[in-house]
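Data block below; observations after.
The values are calculated or read from the model by the stated rules, or taken from the named source; none is laboratory data. Everything numeric in this text was worked out from a predicted model, so none of it was measured. Glycine also receives a Cβ, built like all others from the backbone with ideal geometry; neighbour counts cover every protein chain displayed. These accessible areas exclude ligands, DNA and RNA; they are computed on the full protein's heavy atoms, side chains included. Shrake-Rupley method; radii C 1.70, N 1.55, O 1.52, S 1.80 Å.
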Amino acid sequence: MNTKHSEDQHSLWWIILIGVLGGLIYLLSPILTPFILAAVIAYICNPLVSWLLIKRISRTLGTVLVMLLSLGAFIALILVMVPLFEKEIMRLVERAPDYLEIVKELWIPSLKTTLGIDLQLDVAMLRQALVEHWKSAGGVAAKMLPSLTSGGMAVLDFLMNLLLTPVVLFYLLRDWNSLISQVNEWIPPAWRKQLYPLVYETDRVLAEFLRGQIAVIILMSGFYVTGLWMVGLEFAVPIGLLAGILVFVPYLGAIVGLALATFAAVMQFQEWSGVITVWLVFGIGQLLESLLITPWLVGERIGLHPVMVIFALLAFGQLFGFIGILLALPISAVLLVWLRHLHKQYLDTMQS
């Protein structure tokens with residue numbers, strides 16, 4: 001009887017603790033972005049810092065080296081991606097008058113014939129407006145920079161997060177082992193036997209998920225760029241990269257990439273055969289990602305039902321914004337591990 005009472009008391013404490021933590025996370029969600037982002041990056045980079053420690057490089061120096069390496073990789077990516085996208089946008093603007101002519105000569109008559117919709121399009125005026133505005137813009141980056149300095153509180157929040165994230169990341173990476181030890185000391189000895197297997201399983205699932213997602217992004221970006229280039233799409237590189245990078249949000253990469261590629265194909269090929277080949281690339285890509293690449297690299301143990309995936313994305317996005325969307329699937333995978341553990345514990349209790 002005392003054992004049963006003790007188990008019920010432990011379960012009650014678990015429920016109270018989870019409820020309090022959930023309430024605090026919800027109330028503090030507006031300020032949690034840099035801390036959550038820094039914690040995720042620290043979790044990813046900690047193995048490299050630990051490896052440097054084994055090589056007799058101090059934890060502090062290893063943390064600085066890893067942060068500099070990460071910053072260098074990020075800057076290199078920006079320096080490659082921004083000119084590439086700006087070049088492709090310039091090509092799009094230069095081709096825009098031709099696209100307007102196609103819309104006027106091909107699609108507007110088709111709409112009038114099939115749907116009875118009569119649109120009036122002044123191509124000359126639109127062409128002149130595009131040329132004048134692009135010449136005055138001086139490029140995408142030059143046009144964006146002034147707007148970034150006049151965005152009010154949103155820009156201030158962004159800058160604060162940008163400055164705070166590396167500071168939090170440094171301390172988390174440097175003190176990772178000591179922080180884990182402190183958390184371990186806070187756990188009551190009676191809970192450790194049940195909690196340690198759960199923590200190890202959670203760590204395994206998160207590590208597999210993060211490494212797998214990075215590999216999926218790289219492979220799918222390469223596939224979409226190569227596939228769209230092979231079918232002759234002019235804007236294959238930016239569309240393929242965008243579709244591949246957005247793969248980390250389920251269905252978003254395929255939807256955004258397919259929409260942009262379809263528009264580009266309609267304007268470029270003017271025939272359904274070219275559009276169908278683009279659709280074929282995305283169809284094959286979605287099948288490969290869903291049936292082969294994601295199960296192989298991420299693992300079926302993390303997989304959630306598609307309905308739960310959609311619900312998790314919407315729920316976390318509503319609660320925590322864009323960061324919530326990024327963390328929806330790994331957090332859902334962790335919750336799934338915990339629910340499996342609680343279910344197993346419940347079944348063991350019922351059988352005893």
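Table for the structure above
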quantity	calculated
Inter-label distance, nm, simple model (7 Å from Cα along the C-beta direction), LEU347/MET308	1.5 nm
Three semi-axes of the equivalent ellipsoid, region 34-80, Cα gyration tensor, whole Å, largest first	20, 14, 8
Sites ARG340 and GLU94 - FRET efficiency at Förster radius 51 Å, r taken between beta-carbons, to 0.05	0.35
ILE89 - accessible surface, heavy atoms, 1.4 Å probe, Å² rounded to 10	60 Å²
Stokes-Einstein diffusion coefficient of region 203-262, Kirkwood radius over Cα pairs, 25 °C, 0.890 mPa s, in µm²/s	210 µm²/s
Calculated FRET efficiency for the pair LYS87/LEU12, C-beta based, R₀ 56 Å, to 0.05	0.35
Coordinate range along principal axes, alpha carbons of region 154-279, Å, largest first	70, 38, 20
